[in-house]
Structures are given as structure tokens and as C-alpha cells.
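Asks: Once you've had a glance at the structure underneath, I'll fire off some questions.
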Amino acid sequence: ERPVRISVQRHRYGEGKQLLLTRDVTMLEQAEAMRRDFVANVSHEIRTPLTVMSGFVETLQTLPLSVEEQKRYLALMAVQAIRMQGLVEDLLTLSRLEGSPIPNFSNTMRVSNLVQTCESEARGLSDAIAQGAAAQIIQFEMNPLLAQASLMGDPRELQSALSNLVSNAVRYTPAGGHIYVNVDQGVDGSLLISVRDTGAGIAAEHLPRLTERFYRVDRSRSRESGGTGLGLAIVKHVMQRHGGSLSITSEVGQGSCFKLVFPSTRWRLPA
Ligand code: ADP
């Protein structure tokens, strides 16, 4: 349990009289600590690729390298630059989500469009990672009626939520593994879009913290696969803004299932 923090201000007035004002500043201090942590994390995330790039620049400047070697170093630098671009994109997305008003629910997006866009993204990413070797087996399945359903809210945000889940499934599932994307209706009338994989799975103790910014189960694995540590924070944010939620279940050695849950008031079938 965290201690409660109280600030006390003393005001003197009249003759020998004083007034003590007390204020509970626990929340304020917590928010300030979170902000400090965030800035420290962002700085660290930016410093790492910059350090690597400066190292390569120095090597290129000082060592007599063949053209082939120079190209290899430049390619490694490009990887770092792309990593930083991804980080900046995700940071901008998060700050946009925090700063913008709740989505306009008279806008809608067809579920089939949402899922199909993710399908081509997933196959592209999977092929890029596999580089010619056997990629994952990716299956998209939609009940034809639910495929016609419309989700209410911001299409760009919804797309980024599902894309993040699908790209995680691809990045954390070894070649030959399976990824299933399904659209279902829950017993309470909610619409469920689930992304299930047969990857490494996640131990139970990590699950509650997975949507925190920069929280990663395995830092080097996340970095290697081009992760920023912000993907699930973005998904959670988008779902909250849409009145829905993100549900996560996983078992080590079996795989994980990430589910976008849209309440019945946030989707509809065509008339
Ligand atoms: P990252 O960019 O590191 O992937 P995310 O916020 O998207 O950041 O995910 C946070 C962490 O959750 C990841 O670093 C990884 O450890 C874990 N994770 C996310 N998706 C999966 C998955 N499908 N299978 C296993 N672990 C996952």
C-alpha cells in the first residue's frame, strides 16, 4: 500500500491566529512520478538506437572498409532509423489519443473492411519476417453475417487496434505456428474480434501489466522484432475510448488470445 501524502500550508492572520490548510496530494504525486517514469523510458528508448547508430557512423568514418562492408553498416543503420520512426509514430498516436475528444459514434466501419485490411498487413509482415522461409499459417474466419456488421467510432483508431494485435501475433509466433483471427458474437450481445496464436504464450504474472507503456516480457525479443513496447497501451486506449475493452488470456507454451470486445451499443447489423 502506498502512503497517503498530505501537504500542509500555514496562514497567519489577525493577532496570533493561524489557519492550517491540509490537502491530499497523493494522486498529484503519483501522476508526477508516472510522468517522470515515462520521460525516462522514452529517453532510454531513443538513446539506445542513437548510440548504435553513432557507433556505426564512427566505424564508417575511421575504418577503411570495402564497399560491401560499408553497405552492410548502412543497412544496419537503416534498421535503427526505422525503429526510431516506429517509436515516434507510436508516441504520436498515444498523445493524439489522449488529446482528442471521444470518437464520433455516428462514424462507422464495416467489420469485413477492418479485418481484410489486417489480413493483408499480417501476410506482408509475416513474409517480411520469414524472408523466404516458411512463415506462420494465418487463418481469418468471419461469420458472413457478422462480417456485414458496422462498428461505431473512429475507423483509423479501430484499424490501429486490430493491426497491433495481429502484428504482435506474427512477431511472437515462430515459423510454422498458427494465427487465427475470428469475429464472433458474445452471449451478452457484444461483438468479439479475437486474435489467437500458438506462440510462446505469456506467464500469468505478466498479464495485468501487459498494457502498461513500455512493459515487455522479454525486452530484447521485443526490440529484435521491431517492437516499441507501446502497442498494447495503444490498443487498450482505443478500446476504452470506444466503450469497449481488451481481454487477454494466455498459457505458457500454448499461445495467447487477445480479444477486442465491443458492447452491443457500439455495433449493429445492416437493416
Ligand atoms: P511490443 O512492441 O514490445 O510488442 P506491446 O505493447 O505490443 O509491445 O506488447 C507488450 C509485450 O506483451 C510484448 O513485449 C510481449 O512481451 C508481450 N506480447 C504481446 N503480444 C504477444 C503475443 N501474441 N504472444 C506473446 N507475447 C506477447
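Asks: List the lysines whose Cα sits under 22 Å from the Cα of residue 259, skipping any in the same chain fewer than 8 residues away.
Replies: Partners found: 236.
Asks: Can you give the calculated 222 nm mean residue ellipticity of the chain, where each DSSP H run of n ≥ 4 adds -39,500 (n - 2.57) and the sum is split over every residue, rounded to the nearest 500 deg cm²/dmol?
Replies: Working: 7 runs with 128 residues, N = 271.
After summing the helix terms and dividing by residue count, I get -16000 deg cm²/dmol.
Asks: A further question follows. Quick one: what are the phi-derived ³J(HN,Hα) couplings along region 153-169, Karplus 6.51/-1.76/1.60 with θ = phi - 60°, whole Hz, x for glycine and proline?
Replies: Here the 3J(HN,Hα) series is x, 8, x, 5, 5, 5, 4, 5, 5, 5, 4, 4, 5, 5, 5, 4, 4 Hz.
Asks: Among 87-95, 62-70, what's the highest-first ranking by average C-beta atoms within 10 angstrom per residue? Intermediate results must be reported in sequence, preceding the final value.
Replies: On the way: 87-95: 15.6, 62-70: 9.3.
For the peptides 87-95, 62-70, the packing ranking is 87-95, 62-70.
Asks: On average, how much accessible surface per residue is there in region 83-198, in Å², for a 1.4 Å probe, leaving out ligands, DNA and RNA?
Replies: Details: 5580 Å² over 116 residues.
Result: 48 Å² of accessible area for each residue.
Asks: Does the chain come out rounded, prolate or oblate, given a ≥ b ≥ c as the square roots of the eigenvalues of its C-alpha gyration tensor, rounded meaning a/c under 1.5 and, failing that, prolate meaning a/b above b/c?
Replies: Working: a/c = 2.23, a/b = 1.17, b/c = 1.91.
Oblate is the answer for the chain, as a/c is 1.5 or above yet b/c matches or exceeds a/b.
Asks: Shifting gears a bit: Estimate the FRET efficiency between residue 175 and residue 38 by the formula 1/(1 + (r/R0)^6), using the beta-carbon distance for r and 30 Å for R0, to the nearest 0.05.
Replies: Taking R0 as 30 Å, the efficiency between residue 175 and residue 38 is 0.30.
Asks: Here's another thing I want to ask about it. If you take the beta carbon distance between residue 24 and residue 96 as r and set R0 to 22 Å, what does 1/(1 + (r/R0)^6) give as a FRET efficiency, to the nearest 0.05? Intermediate values should be presented prior to the final figure.
Replies: Working: r = 32 Å, r/R0 = 1.45.
Result of the calculation: an efficiency of 0.10.
Asks: At residue 9 and residue 187, where each label point lies 7 Å from the Cα along Cα→Cβ, what is the point-to-point distance in nanometres?
Replies: 5.4
Asks: Could you run the Karplus curve 6.51 cos²θ - 1.76 cosθ + 1.60 with θ = phi - 60° over region 37-50 and give me ³J(HN,Hα) per residue in whole Hz, x for Gly and Pro?
Replies: 4, 4, 4, 5, 4, 4, 4, 5, 5, 7, 5, 4, x, 5
Asks: Moving on to the next point. Using modelled backbone amide H atoms (1.01 Å from N, in-plane), which distant-in-sequence or interchain residues come within less than 5 Å of residue 230's amide H?
Replies: Counting only residues 5 or more places away or on other chains, the set is 214.
Asks: Mind listing the phi-derived Karplus ³J(HN,Hα) values for region 218-226, rounded to whole Hz, using 6.51, -1.76 and 1.60 with θ = phi - 60°, and x for any glycine or proline?
Replies: Residue by residue, region 218-226 yields 9, 4, 6, 5, 4, 4, 4, 8, x Hz.
Asks: Report the Cα centroid-to-centroid distance between region 100-156 and region 204-218 in angstrom, as an integer.
Replies: Each part's Cα centre sits 24 Å from the other's.
Asks: In addition: Ignoring ligands and nucleic acids, what accessible area does residue 102 show with a 1.4 Å probe (Å², nearest 10)?
Replies: We get 110 Å² for residue 102.
Asks: Determine the gain in length on full extension of the stretch residue 112-residue 89; use 0.36 nm per residue of separation and subtract their C-alpha separation, reporting nm with one decimal.
Replies: Result: 5.7 nm gained on full extension.
Asks: Let me ask something else about it. Which order do peptides 11-21, 106-116 fall in by mean Cβ count within 10 Å, highest first? Walk me through the numbers before you get to the answer.
Replies: Details: 11-21: 8.0, 106-116: 16.8.
Final packing ranking: 106-116, 11-21.
The values are calculated or read from the model by the stated rules, or taken from the named source; none is laboratory data. For clarity, every value in this text was computed on a predicted model and none was experimentally measured. Positions of Cβ are generated from backbone atoms using ideal geometry, with glycine treated the same way; all protein chains shown enter the neighbour counts. For the accessible areas, the whole protein counts, side chains as well, though only heavy atoms, and no ligand, DNA or RNA atoms are used. Shrake-Rupley method; radii C 1.70, N 1.55, O 1.52, S 1.80 Å.
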